[in-house]
Every structure is written in structure tokens, then in C-alpha cells.
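What follows is a short report on a single structure.
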Amino acid sequence: NKGMKGDDWLGILIIVGIIFIAISGGIKNPGGGGLLSSQNSNNTTQTQSNIAYKIQETQYKVDDLKKQVQAEEDKKNNSEYYGLINLNFVTTSDNPAQEYVSIQANYNVTHPIIMTGWTLKSVMTGVSVKIPKGTYLYFSGTANYEETIYLSSGEIIYLITGVSPNGTSFKTNKCSGYLGQFQTFIPYLYQTCPIPRNEDLSSIPKTRINDDCLDYIDRFPSCRIQTEPLPINWSYECTNFISNKINYNSCVNTHKNDQDFYGKEWRVYLKYTESIWKRTRDEIVLYDNLGKIVDT
């Protein structure tokens, strides 16, 4: 056993030897024949059966002792985050964009835990990857600053093998559903953006000419931008709102200070062009930044 030392094994062997001698000591065959010999034979058989049972029972105790010793060794190797951060599941695929590992902070986590720099390693293949940095507040169409990733209570990292559809790793927010209109994200991005009709419409004059336009906004779905031409008889203020206010970046600017703005998910990309995890019978270990085991 990898966790056992030589002195541990020697101690166990001595215990087994003493127990065996104690059980078997003093058993002698008195010899002779006839009925006495038959009785002795039966007694010997029964005694041997008892010895076999005792040996088996002793082996169970030895195995249990080995487990206890291994558990103590594991405690030395386990991270301080053991039991706080869990590997939920692994979804394998031939397509790296659809292959990911789910890592979640338990709900009893009391402070944010740094995840950037932690390592995942396959026991079977030796493949090893580090959790990279990500963008806390993502904006589309611009360069985004990447920073250290933290997990707070209940938060999840989806560590995706492939390349990000929007070019970076990012934390989800109440506007992220817009990103899924023209790009495919695995896992799916929830469509829970603020509804356009609930936004500030004060810039649109409440005139008859805007009635149709305002009705259009009332019916407009969440997490979608306008892609069809708008009627030319609608006012500039109303068409400008549809074109420039109903989109991801505008949503972020409007709601980034909301208390419930940020989601509970990180989408983190390793940028591999091929899948990296074994499809079956693999074992993946998560290590913290000190190289100690967090979960398997």
C-alpha cells in the first residue's frame, strides 16, 4: 500500500504472527487409532476450521487497520479545501467545445477561494491542466482584462476543454443570455435577461406615432437583439432605443450595479483543439495551489 511505511507493515506482521501462534499453539496430534483416533481426527478438523475462521477474522481486522492507516496518510496529503470544493462530474466528448469538468464550491464556504493555478490531472493518462484566469465583467467587441478566478458559496466552474466562443473565460451575469443568440455555449447559457419593456423608456415620447413602436417593445423577447429592418415611420427615439439599448453591452452598463447582477457560474476555457480526458475508466484528481488533493 503506497501510504504504508515499512515500520507499519512490520508491526502488522508481528501482530498477525502473535495472534496465529496464540490460536494454533499447543495443538498436538496424540496419535493412536480406533475410536479415540477418530475423535481426535474430528477434534482436529473442528480446530482447523476454528483456526481458519480466526485467521480470516484477523485478516479483516488487519485490512481495517490498513484502511485506518491510509486514512491518516490521506489526511496529511489532503488540502485544507478538502470537502469545500468538489468535482461534480466530467462530460467527455470528441468535440473539445462540448467536453468539460464541473467544479463547485459547497454552500458552507464562508469566503471566496482562489481557483486560478489549481491543477486537474488524469491518473490514467497523466494529462495535467491548470485553471487559468478569467474576465469578471465581460464586454463584447473589446479586449477584456483577465484576473484571478474565485469561487464563493455555491458557485460553479465549468472548465471547458475547447476555445471560448466569445474569446475569453468569463463569469455569467443577468445579461449573458444575449451571448447565446449567435454563438453556441456548452453548457447552455440561460435566457434570463431583463425584459426590454421593463427598462427605462422615458427617452421615447408618448405620442401616437410611437404607439406601434412601443407595442413592439412590449412584445420583444428577452436576451435578443433586433435583426429585422424597422418601419421608417417610427420615431427616431423609439427606433434608437431598439437598436442601441436592447443588446448585451447596453444591458451590462444598465444593470452592472444591480445586487443580483452576477450569476453563479464561471465559463473557463482551456483552449485545446482536441479532447483531453479519457472517455471511460479515467480518474481525475483536483489539486490546490500547494499540490494537495482537494477531490477525485
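Just so you know, all these numbers are worked out from the coordinates, no wet-lab data involved. This is a predicted model, so every value here is computed, not measured. Note that we place each Cβ from the backbone using ideal geometry, even for glycine, and neighbour counts take in every protein chain shown.
Details
- Interatomic Cα distance distribution for segment 234-277, bins of 5 angstrom, percent: 5, 15, 14, 14, 12, 11, 11, 10, 4, 3, 1, 0
- Shape box of segment 189-296 [Cα atoms, principal axes, largest first, Å]: 67, 31, 19
- log10 of Debye I(q)/I(0), alpha-carbon scatterers only, for segment 101-189 at 0.10, 0.11, 0.15, 0.17 Å⁻¹: -0.29, -0.35, -0.65, -0.82
- Our estimate of slack between Thr119 and Asp260, defined as 0.36 nm per intervening residue step minus the Cα-Cα distance, is 47.7 nm.
- The tail of the calculated P(r) for segment 119-264 beyond 28 Å holds 32 percent of all Cα-Cα pairs.
- Once backbone amide H atoms are built at 1.01 Å from N, Ser169 has Thr135, Tyr269 as its partners under 5 Å, excluding neighbours fewer than 5 places away on the same chain.
- Each peptide in 51-64, 184-197, 153-166 was scored by the mean count of other Cβ atoms within 10 Å over its residues; highest first, the order is 153-166, 184-197, 51-64.
- Pairs beyond 24 Å (Cα-Cα), from Lys130/Lys292; Lys130/Lys278; Lys133/Lys174; Lys76/Lys171; Lys54/Lys76: Lys76/Lys171; Lys54/Lys76
- Annotation for segment 43-63 versus segment 224-242: alpha-carbon center distance of 87 Å.
- Counting all C-alpha pairs of segment 84-127, share separated by more than 18 Å (%): 41
- When all alpha carbon pairs of segment 44-138 are counted in 10 Å bins from zero, the resulting P(r) reads 11, 26, 25, 15, 11, 8, 3, 1, 0 %.
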